[in-house]
Each structure stands twice: as C-alpha cells, then as structure tokens.
Amino acid sequence: MADVVLTPPAVRRSGLSKNLRAMLREPKVLIGGGFILLLLLIAIFAPWLAPKDPLEQDLMLGTLPPAGYPGTEPGYWLGTDDLGRDVLSRVIYGTRIALTVAFVAAGLAALFGTVLGLIAGFYGGWADKVISRLVDIWMAFPPVLLSILLVAVLGSGIHSVIAAIVIIDWTRFCRVVRAETQAQAKMDYVVAARTIGFPRLHILIREILPNVAPVLIALVSLEMGIAVIVEAILSFVGLSVSSDTPTWGGMIAQGRQIIYQGWWVLVAPLVVLFATVLAFNQLGDGLRRALDPVMRR
C-alpha cells in the first residue's frame, strides 16, 4: 500500500497537455493573451520602439496634434503634450510601469492569499476561524480609499503601489482558494490519500493544490487587470511614481487639464488602459472557461 501513487507523473503530464490544448482552442485566451504578449514585447523593447525620449521637453513643440492633423510635425505620431514631450513614447514607456505592477503585485497577492486559503480550507478549526475573521475585517474597508491611504503612509513609488495592492487584494485569493480547498478536501482522492497515510502537507501540495490551480490562474489574470487600474488611479492623484516618469494615469491627469488644447494627451493613454484591462479580463474569463471541466463540456 505504501507504494500506491494517486497521481502518477504520466497522468499529470496528460492533464497539463489537455489543459494547454483547451486554452489554445479558447478565442478569449488567444486574443487577450496575444494582446498582453504584445504589451510585454513593447515594454521590453521600449528603448528601441519609442521614437523619442519620453522625458525630452521642447516648449516650442507643445500640444502638436497627431499625424494626419494640420500643424503636426514629422515623427510625432500621437502628437505632444503641453511640455512638448512625445505622447507615443510616453505611452510606450508607461507600459513598463503598468505591467510591472500588474505581474508583481498580482503574483505576490496570489502567493500570500493562496497559502492562507490552503491552510484555512484544509486544516479548518481555529486556523480557519482566525483567517476567515481577518479576511472579513480586511474586506470591510473600501479598497481604493485604503490603497490611497497606504501609499500616502508608505510614500510614493512603485514599491509602495505594489505593497498597497498586495496588502489589499490577498483577501480575494484567500476566500476563493479556501472555498476550493474545502470542496477538494471532500473528494475521494483526498480521502484515499488520508487512508493510505500520506502526510497532510503532501496531500495539500501534491494533490489539492494542482486541482485548485486552474481557478487560481484565472483569478491571477483578473487581478492583473485590477492592479493596472489601481496603479492608474494612484498615478492620477500623484501617489505613484514621480511625476516625470511616464505612467498612463499621470498622462490622463495631465491630459484632463489641457483637454481643449490637446485632447490626444488624454485619449491615447485612456484607450491603451481600457484595452489592457479588457485584455486581462478576457484572458481571465477564457482561462476559466478552458480550465473548468464543467464549462468545457
């Protein structure tokens, strides 16, 4: 009996291959994931893709309209802001900040929330009670106001923005993982593992976690879209990185002030922000459909 293996490696590989094929057949995964991949490439190769220095100012070229409009200048495809900075270059460099916050903050929030959710859902008892009460208390605070308060206390900067998002949004992962873990703990394969005498930690990591992973992956994708919005909000109110650093939220705040002189300064980052959040949401919804065996039928 000690040599019984509940989930052989071959079965795991077969399951991974099946999930991968299901994801590649889902249009939302291809469209949303393709757009996010494009943004990643833009962020990585920003120094080579940006036509101008995003910080270079030229007041003589202030509020130049985009290409195709009267009065534009060659090389300024999306025009300039009131300080003569190239809008396209600033949007491209703003992708770096947005995706850095999205991936790092969502990853850390998922890690912290998943660990607590697994403990609460599998072990139960006093651990579940303490973690559940902590989640209830944490979720009683308005998330946007709490994030602004945390960044104001921690100080501006990308590290503070990431910390604020992690501190707030770990509860989202904790509640979902806890519920999924409780459901998986009642399954026959977990009962069989306990009967055989597998250690609890082995059951939790090797048996339950892989079955919780599909829901977790979809939730991480949705959290990335939320992180992009939060970073944009904090940049809009001046609580993210320094004002000189190109961010979509900062550009939106600047464009709002000169909307009648240069509407493109507001529209360009707003469109990219909307498309990015929509892509993350579509990717998350597509992953949920592809990885959920019930919805896949």
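The values are calculated or read from the model by the stated rules, or taken from the named source; none is laboratory data. Because the structure is a prediction, the values reported are computed rather than measured. Note: ideal-geometry Cβ built from the backbone for every residue, glycine included; neighbour counts use all protein chains shown. The protein model used for the area step is the full one, side chains on, heavy atoms only, and it has no ligands, DNA or RNA in it. Shrake-Rupley method; radii C 1.70, N 1.55, O 1.52, S 1.80 Å.
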Exactly one condition in (1) under 30 Å from Y260 (Cα atoms); (2) touching an Asp or Glu at 6+ places or on another chain (Cβ under 9 Å); (3) open to solvent by 20 Å² or more (accessible area, probe 1.4 Å); (4) of a type outside the set (S, T, N, Q) is false for G84; which is it? (3)
Scanning segment 73-92 residue by residue, the ones that are out of contact with any Gly (no Cβ under 7 Å at 6 or more places or on another chain) and in a loop (DSSP other than H, G, I, E, B) total 7
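For G155, state whether it is in contact (Cβ under 8 Å) with a residue 60 or more places away in the chain and not basic (K, R).
Values: in contact (Cβ under 8 Å) with a residue 60 or more places away in the chain: no; not basic (K, R): yes.
In short, no.
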For segment 215-241, which residues satisfy the criterion of being touching a Lys or Arg at 6+ places or on another chain (Cβ under 8 Å), open to solvent by less than 30 Å² (accessible area, probe 1.4 Å) and at pLDDT below 90? A218
So, in segment 242-265, exactly how many residues are under 23 Å from the mean Cα position of the chain (by Cα), open to solvent by 30 Å² or more (accessible area, probe 1.4 Å) and either of a type outside the set (S, T, N, Q) or at pLDDT 95 or above (or both)? 0
Per the list (1) of a type outside the set (V, I, T); (2) more than 25 Å from Y260 (Cα to Cα); (3) open to solvent by 40 Å² or more (accessible area, probe 1.4 Å), residue check on P74 breaks on (2)
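Being surrounded by 14 or more Cβ atoms within 10 Å (Cβ to Cβ) and assigned to a loop (DSSP other than H, G, I, E, B) narrows it down to one of T95, T63, so name that one. Quick ask: steps written out before the conclusion?
Details: T95 fails: assigned to a loop (DSSP other than H, G, I, E, B).
From the options T95, T63, the qualifying one is T63.
Kindly evaluate G113 against the criterion of being in contact (Cβ under 8 Å) with a residue 60 or more places away in the chain and surrounded by 23 or more Cβ atoms within 10 Å (Cβ to Cβ).
Numbers: in contact (Cβ under 8 Å) with a residue 60 or more places away in the chain: yes; surrounded by 23 or more Cβ atoms within 10 Å (Cβ to Cβ): yes.
Answer is yes for this residue.
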